[in-house]
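Chemist: Pasting in a structure now, in structure tokens, and then I'll have a few things to ask.
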Amino acid sequence: MAKDTSTSPAPSGKRAERSRQAIVAAARELFIHAGFDTGMDAIAAAAGVSKVTVYNHFAGKQELFTEVVGQAMDEAHASMAEVRAHLAGATDTREALTRTARALVVAATDPSRLALRNLVTGELGRFPELGQAYQQRGPARSAAALGELFGDLCERGQLAISDIEVAVIQFFGLTIYPHLIAGSFGAALPAGLADRLIAEGVETFLSRYGRDQPGAGARAADPAGARDQG
């Protein structure tokens, strides 16, 4: 049974933070390999702390699992932020989109993130709020970051997008969704096929939204709508 921490402040300080990160790392490993039914005793033992220490940081297993998923998604988001920073001022639109697609695929195909995604999916019946947490910390943030990148490229006259929210979903569909589908069955796309999907996906996207393409539209006034998709 979870300890009641409603009146106790969370531990603070460097030592407490080390313990917290050890707990999250141990929980991530055990959740991936043993599932959500992993006991808090096992997590405490793997982290090298007491069960009381675990409950000092997390009110229960669901809260701990949400933090595990959140940190995994933060890692993926950080890679997108690095890509956007690298592409600031880039003049080659095709290269910019290709780099972005590769970063998305690398993040999406990380084995531990795929395993956590599948675990969240499997637990939606018992804990639907886990899906909400995953969406907010993962796909929604990635979609917002991609929408901002498209906005940058539109402002520089490299893309012409009338509905950035739709464009974000289309780009995901052309690049990472095939990997997520394969990953849900425990499979992976061959490297050669993954490379071709990226190359052809970027060409397909540019054929619709490239600035000089006849089908390209004016940039949407506000790309913020992309934040709720992914």
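The values are calculated or read from the model by the stated rules, or taken from the named source; none is laboratory data. What you are looking at is a predicted structure, and each value in this text was computed from that prediction instead of being measured. FYI the Cβ positions are ideal-geometry reconstructions off the backbone, even for glycines, and counts take in every protein chain you see. These accessible areas exclude ligands, DNA and RNA; they are computed on the full protein's heavy atoms, side chains included. Shrake-Rupley method; radii C 1.70, N 1.55, O 1.52, S 1.80 Å.
Chemist: Identify, please: which residue in region 82-92 is in a helix (DSSP H, G or I) and surrounded by 15 or more Cβ atoms within 10 Å (Cβ to Cβ) and is, among those, modelled with the lowest pLDDT?
Modeler: Pass one, region 82-92, residues in a helix (DSSP H, G or I): 82-86.
Checking which are surrounded by 15 or more Cβ atoms within 10 Å (Cβ to Cβ) leaves us with 83-84.
Values: Val83: 76, Arg84: 73.
Step by step, filter region 82-92, then rank; the result is Arg84.
Chemist: Residues being at pLDDT 85 or above and open to solvent by 30 Å² or more (accessible area, probe 1.4 Å): count how many of those fall in region 187-230.
Modeler: Matching residues across region 187-230 total 16.
Chemist: Also, I was wondering about something else. From the list Glu95, Glu63, Glu67, Glu75, exactly one residue is under 11 Å from the mean Cα position of the chain (by Cα) and open to solvent by 20 Å² or more (accessible area, probe 1.4 Å). Which is it?
Modeler: The conditions single out Glu75.
Chemist: Give the residues of region 20-46 that are crowded, with 16+ Cβ neighbours inside 10 Å, more than 23 Å from the chain's Cα centre (by Cα) and part of a helix (DSSP H, G or I), sorted by residue number.
Modeler: Within region 20-46, Met40, Ile43, Ala44, Ala46 meet the criteria.
Chemist: Further question: Has region 138-148 got at least one residue that is open to solvent by 10 Å² or more (accessible area, probe 1.4 Å) and over 30 Å from Phe31 (Cβ atoms)?
Modeler: yes
Chemist: Tell me which residues, restricted to region 107-118, are surrounded by fewer than 17 Cβ atoms within 10 Å (Cβ to Cβ) and touching a Ser or Thr at 6+ places or on another chain (Cβ under 7 Å).
Modeler: Across region 107-118, the qualifying residue is only Asn118.
Chemist: Based on this model, can you work out whether Thr121 counts as of a type in the set (Ser, Thr, Tyr), under 26 Å from Gly151 (Cβ atoms) and out of contact with any strand residue (DSSP E or B) (no Cβ under 7 Å at 6 or more places or on another chain)? Can you show your working first?
Modeler: Values: of a type in the set (Ser, Thr, Tyr): yes; under 26 Å from Gly151 (Cβ atoms): no; out of contact with any strand residue (DSSP E or B) (no Cβ under 7 Å at 6 or more places or on another chain): yes.
When the stated conditions are applied, Thr121 does not pass them.
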